[in-house]
Amino acid sequence: MRTVWGKEWVRSQVFHEAGRKAWYTETRTNAGRALPGTLGGNIVNLLFFLTPKQDVAFIYNDFTLRQTLEKMEYHRYSSVPVLARDGTYVGTITEGDLLWTIKRLCVMDLRQTEEHSISEIEHRRTVQPVRVDTRVEDLLSVAAEQNFVPVIDDKGDFIGIVTRSRILKYCLEQYFVATVY
């Protein structure tokens with residue numbers, strides 16, 4: 001810990017649930033108050049909340065309707081990210097998108113879903129990804145509108161998601177820590 005211009009800087013190492021390391025710097029005034037523009041007094045990097053690509057169920061844009069249905073059913077997800085084979089983020093497919101497509105195509109047999117690609121699916125809502133260098137405050141406004149936020153790097157490659165539940169758990173932990181002390 002060191003003091004600079006009347007502020008204490010504390011460097012802490014926090015381990016992500018998946019076992020990956022993430023760093024954040026806690027910044028507080030000498031009086032213990034949180035500085036404006038920080039999340040609960042902590043300057044937190046978006047990567048702190050990230051669930052990496054390897055731990056996320058996703059589909060490729062050349063999957064069939066049946067492959068998509070089976071993957072979503074297996075993982076019990078209501079929406080999944082769609083990627084191109086080169087790893088770039090294409091969009092997100094929701095259960096509603098699938099249901100409206102099945103209705104529009106008049107698909108009544110599971111075997112018929114093998115004949116249709118997910119590229120035929122019309123998206124009723126566009127889920128915009130955020131870049132890895134997005135500020136946490138901006139991430140919060142996006143996460144308020146959707147269950148998860150896709151995260152891409154500067155080349156547009158998908159690197160993972162940030163779930164709303166992970167953000168809420170962190171805020172809840174910070175609230176209880178603040179009320180105990």
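Observations on the model:
- Count of the stretch 123-151 residues, restricted to those that are open to solvent by less than 30 Å² (accessible area, probe 1.4 Å), under 28 Å from Thr101 (Cβ atoms) and over 10 Å from the mean Cα position of the chain (by Cα), is 1.
- Residue count for the stretch 166-175 under the criterion of being surrounded by fewer than 16 Cβ atoms within 10 Å (Cβ to Cβ) and in contact (Cβ under 8 Å) with a residue 12 or more places away in the chain: the result is 2.
- Note on the stretch 75-124: residues that are of a type in the set (Phe, Trp, Tyr) and farther than 25 Å from Pro52 by Cα total 1.
- Looking only at residues of the stretch 46-60 that are among the aromatic types (Phe, Trp, Tyr) and assigned to a helix (DSSP H, G or I), we find that the one that is modelled with the lowest pLDDT is Phe48.
- Of all the criteria given as (1) open to solvent by less than 20 Å² (accessible area, probe 1.4 Å); (2) modelled with pLDDT of 90 or more; (3) in contact with a strand residue (DSSP E or B) (Cβ under 8 Å, 6 or more places away or on another chain), the one not satisfied by Thr113 is (2).
- Given (1) in contact (Cβ under 8 Å) with a residue 24 or more places away in the chain; (2) farther than 18 Å from Asn45 by Cα, index of the condition Gln128 fails: (1)
- Residues located in the stretch 87-106, provided they are of a type outside the set (A, V, I, L, M), in contact (Cβ under 8 Å) with a residue 24 or more places away in the chain and open to solvent by 50 Å² or more (accessible area, probe 1.4 Å): Trp100
The values are calculated or read from the model by the stated rules, or taken from the named source; none is laboratory data. From a predicted model like this one, the values you see are computed outputs, not experimental measurements. So basically every Cβ, Gly included, is an ideal-geometry build from the backbone, and we count neighbours across all protein chains shown. We work out accessible area using only protein heavy atoms, side chains counted, and drop any ligands, DNA or RNA first. Shrake-Rupley method; radii C 1.70, N 1.55, O 1.52, S 1.80 Å.
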